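The values are calculated or read from the model by the stated rules, or taken from the named source; none is laboratory data. Please read all numbers here as calculations on a predicted model, not as lab measurements. Quick reminder, even Gly has a Cβ in these numbers, built from the backbone with ideal geometry, and neighbours come from all protein chains shown. To get the accessible areas, we keep the full protein, side chains included, count just its heavy atoms, and leave off ligands, DNA and RNA. Shrake-Rupley method; radii C 1.70, N 1.55, O 1.52, S 1.80 Å.
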Amino acid sequence: DDVSFNIKRGTTMGLVGESGCGKSTTGRTILRLIEKTDGEILFNGEDISKYDKKQLRDLRTKMQIIFQDPSASLDPRMTVGEIIGEAIDIHKLAASKKDRDDRIKELLSRVGLNTEHANRYPHEFSGGQQQRVGIARALAVKPEFIVCDEPISALDVSIQSQVVNMLEDMQEEMGLTYLFIAHDLSVVRHISNRIGVMYLGSMVELGES
């Protein structure tokens, strides 16, 4: 209800609040995974809520999401290579099969996995490794903006900091912009430039971290 904020390119906006307050709905509405009922969604100055199917498909290369539960968001019947390669195929981002395979290997090593992991299935990995696959999938289209929808809440505490540090390193290298949704205030303070607090579907506070 009347949620309004902006995120500067290359920065991280943290979004916190109790379960059910609308954090994930906000993130998914920005990406138009859920359709808004009112207002505008501006990306690089354009209202993307007016985009048609083709424009939206092109936009997917610029905006991506990392889901909360990697085991639920990775198709169990596909290998890791197929999961990461799917977006490359849909958006025709590889000139040849070799180009595609090289890109998949590069993405796997970037998120700290071995290149031979491409032939394995999601259930063969730990939760932290599955989330790395989810991050590689989001990076496959070379996006500018990523909604991180509680990307570490399903992981062990020991793995959480590794994933957060990896997200920070990738932001620095690739100039990424994040909306980082989480419960853990210490993680949000660590990763965010600005933080918004949501309560019962409204933004009740917004400020520097």
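A few notes on this one:
- Three-way shape label, the range 69-116, alpha-carbon gyration tensor, a/c 1.5: oblate
- Solvent exposure of the range 1-78 amounts to 62 Å² per residue of accessible area, where only protein heavy atoms count and the probe is 1.4 Å.
- Solvent accessible area, Å² - HIS190, 1.4 Å probe, full protein context: 110 Å²
- In percent, rounded to a whole number, the relative contact order of the chain is 37, using alpha-carbon pairs under 8 Å and six or more apart.
- Working value for the range 1-108: equivalent-ellipsoid semi-axes of 29, 18, 13 Å, each the square root of 5 times a Cα gyration tensor eigenvalue, largest first.
- Computing FRET efficiency as 1/(1 + (r/R0)^6) for LYS92 and SER153, where r is the C-beta to C-beta distance and R0 is 22 Å, gives about 0.05.
- Cα shape, the range 83-178, gyration tensor, a/c 1.5 rule: oblate
- Taking Cα atoms only, the orientation of helix 97-110 departs from the longest principal axis of the chain by about 60 degrees.
- Rg(Cα) / (2.2 N^0.38 Å) computed for the chain, rounded to two decimals: 1.01
- Longest DSSP-loop-exposure-free segment, GluC sites (Glu not before Pro), the chain, at most 12 other Cβ within 10 Å: 41-209
- Take ASP101: with every protein chain present and a 1.4 Å probe, its accessible area is about 50 Å².
- Residues within the reach of a label modelled at GLU40 (point 7 angstrom out along Cα to beta-carbon, backbone nitrogen below 13 Å), restricted to the range 50-81, are 50-51.
- Summing Cβ point charges (Lys, Arg +1; Asp, Glu -1) relative to the Cα centre of the chain gives a dipole of roughly 680 debye.
- Centre separation in Å (Cα based) which lies between the range 111-164 and the range 60-102: 12 Å
- Residues of the range 184-198 with amide N under 20 Å of a point placed 7 Å along Cα→Cβ from SER161: 184-193
- The mean accessible area for residues of the range 112-209, using a 1.4 Å probe and ignoring ligands and nucleic acids, is 46 Å² per residue.
- Per-residue surface analysis assigns ARG57 an accessible area of about 130 Å², computed on protein heavy atoms at 1.4 Å probe radius.
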